[in-house]
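To keep things clear, I will list the structure first and then write my remarks on it.
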Amino acid sequence: MSSSDPKTGPWPPAPESSPMPPSTWAKRTGFRPKFSGETNATDSVRARQPESQPDLEAPPPVPAAANGEAEKDKKEKPPPVKRRRDSVGRPNDANDPTRNLETVEVLPQSMDDDDDLVARNLHIKYGLRDTPGLVPVAFYALQHYLSMLGSIILVPLLIIPAMGGSHEDVANVVSTVLFVCGITTLLHTSFGSRLPLIQGPSFVFLAPALAIINSPQFQGLNGNNNFKHIMRELQGAIIIGSAFQALLGYSGLMSLILRLVNPVVVAPTIAAVGLSFYSYGFPLVGKCLEIGIVQILLVILFALYLRKISVLSHRIFLIYAVPLSLAITWAAGFLLTEAGAYTYKGCDPNVPASNVVSSNCRKYMNRMKYCRVDTSHALRSAPWFRFPYPLQWGVPIFSWKIAFVMCVVSIIASVDSVGSFHASSLLVASRPPTPGVVSRAIGLEGFTSVLAGLWGTGTGSTTLAENVHTIAVTKMGSRRVVELGACVLVIFSLVGKVGGFIASIPQVMVASLLCFMWAMFTALGLSNLRYSEAGSSRNIIIVGLSLFFSLSVPAYFQQYDISPNSNLSVPSYYQPYIVASHGPFKSQYKGVNYVMNTLLSMNMVIAFIMAVILDNTVPGSKQERGVYVWSDRETATREPGLAKDYELPFRVGRFFRWVKWVGI
């Protein structure tokens with residue numbers, strides 16, 4: 001062929017006319033449709049090219065430009081515009097090297113590139129090992145714990161009245177919870193995962209606690225005897241279940257379970273925990289709508305509509321949404337009470353409803369009980385000093401059937417903690433922890449839950465899932481901040497008036513805050529899907545099936561053999577937790593009936609079983625499943641920063657180097 005012949009170009013040939021300017025929304029943003037995680041034809045052809053297998057955890061490769069387009073694009077760069085992100089969390093045109101992308105808060109699972117680490121640290125004011133001055137530490141500690149106030153105090157405010165405990169009992173248990181939270185948080189930041197994670201009474205333990213409280217064997221008891229007896233039963237179950245969790249961690253079995261636990265498992269399991277309490281939330285808010293609705297609207301206003309308002313570079317409304325809304329609503333309720341809005345002639349709100357003779361007063365008893373803010377005498381009767389001590393409610397009672405239920409719940413609590421460890425490590429640490437560190441942290445959580453059982457908090461102690469949201473909002477990842485706040489919690493627990501003040505929060509306000517907290521818990525669970533291909537049809541079906549059956553199967557057990565006209569002895573919002581007395585399992589072994597009816601009536605258990613089976617049997621790539629990426633021992637020995645993040649203090653790790661499955 002002579003040199004005058006034209007060179008062969010690409011086929012089909014490009015059109016001679018210049019392309020139209022990006023006038024439409026799709027062209028301006030670089031939108032590429034992507035349905036159910038399926039790729040387009042170009043991606044499919046690229047995937048079939050016989051090249052070396054790419055690293056699924058690394059960022060997507062940048063395609064090379066052809067036909068001189070690179071030089072042209074260097075001269076004509078489009079102005080930077082805000083980008084929408086696709087279902088996976090990446091910008092829609094992330095593979096286009098010619099576009100100027102804005103920085104988005106999407107964290108990769110691995111930190112193979114220093115640029116990823118720098119981009120991640122831009123969103124955190126203080127990292128894991130940073131030590132700010134005393135004044136910043138004190139300020140950020142107060143901010144951190146106030147933002148998580150609802151997660152720490154609301155669980156005892158719910159379960160102690162359900163046990164039949166008095167206002168004084170609620171105040172004492174709240175003080176005990178503050179004490180145990182402080183001690184367990186200090187232990188976890190020192191000898192557990194070493195991440196800045198607050199330990200406390202997780203919502204994971206709430207459903208089994210309510211199921212045990214409403215067991216048929218406790219229906220004949222009443223008053224203070226009922227409270228102490230049920231608390232001792234809970235203590236025994238928590239101690240055995242927590243010892244089982246500690247065995248999972250320190251034996252190294254948790255490292256094997258980690259292979260089955262991925263974002264597609266964690267997301268529906270934790271979401272089911274929050275969704276399971278829908279029957280309790282608003283039905284109790286409805287007891288005093290003018291107080292409960294205002295509380296819900298205020299917390300939504302602060303957390304959503306005013307979330308971007310900053311004062312001195314702090315988003316006060318977003319960070320303090322719960323305490324601010326509680327303070328305003330409580331003040332409004334106090335003014336209404338003092339103005340006589342809930343005062344009725346001849347009616348005393350302190351008289352039990354069973355002793356009220358007047359039909360007129362009986363009609364207003366509920367409004368006086370739930371709307372007035374002066375019905376609790378916890379603050380007045382609480383002592384100034386009280387030291388929480390172990391076995392303060394008596395010797396724990398051990399029952400194998402209740403303990404078995406708690407052993408299963410401890411596995412769910414471990415799954416919740418695994419998701420929190422991974423998400424928080426990507427925010428504050430140099431790399432995710434090793435499987436050995438995760439096992440060590442789960443083992444220590446089991447040990448600290450044993451302490452919670454001995455002190456009698458009513459629930460186990462585990463990593464609160466709200467930690468991840470708090471760290472992302474406050475941008476504070478220093479473990480020194482969390483440790484100082486834990487010390488303050490221990491000091492506050494010794495002041496009995498603090499527990500009495502918290503116990504005085506009206507029950508309707510507690511229910512309103514719980515509506516928000518359970519919704520947040522559900523959303524935090526589903527947020528784990530950002531590490532997987534959230535738009536994949538495989539993952540959509542698995543999560544959908546797990547969530548649906550987590551609501552439908554327990555509903556079958558909870559409604560079994562209950563007629564519409566049944567006269568039940570518990571309020572309507574406790575009826576889902578009395579399934580042990582009427583469930584479909586009715587064999588000759590009453591203990592087996594109790595265990596099966598109770599476990600299969602829990603939403604989180606059904607969600608976990610469905611998600612684990614489907615995610616580990618349905619084929620899918622690691623990238624599609626979002627398999628958690630943990631650091632390995634070789635990386636820990638090669639990178640001193642990783643060792644400094646997770647190694648035990650005071651050179652304690654030297655004595656346990658032979659225990660390779662619970663260390664770095």
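Worth a mention:
- From most to least packed by mean Cβ count within 10 Å, the peptides 595-602, 167-174 give 167-174, 595-602.
- Ranking of K363, K401 by neighbouring Cβ atoms within 10 Å, starting from the fewest: K363, K401.
- Ranked V605, V473, V437, criterion: other C-beta atoms within 10 Å, fewest first: V473, V605, V437
- Proxy reagent accessibility, fewest Cβ within 10 Å first, across Y126, Y628: Y126, Y628
Computed from the coordinates by the stated procedures, all read-outs in this text should not be read as laboratory data. Computed from a prediction, not measured in an experiment: that's the story for all the values here. Every residue, glycine among them, receives a Cβ derived from its backbone with ideal geometry; neighbour counts consider all protein chains shown.
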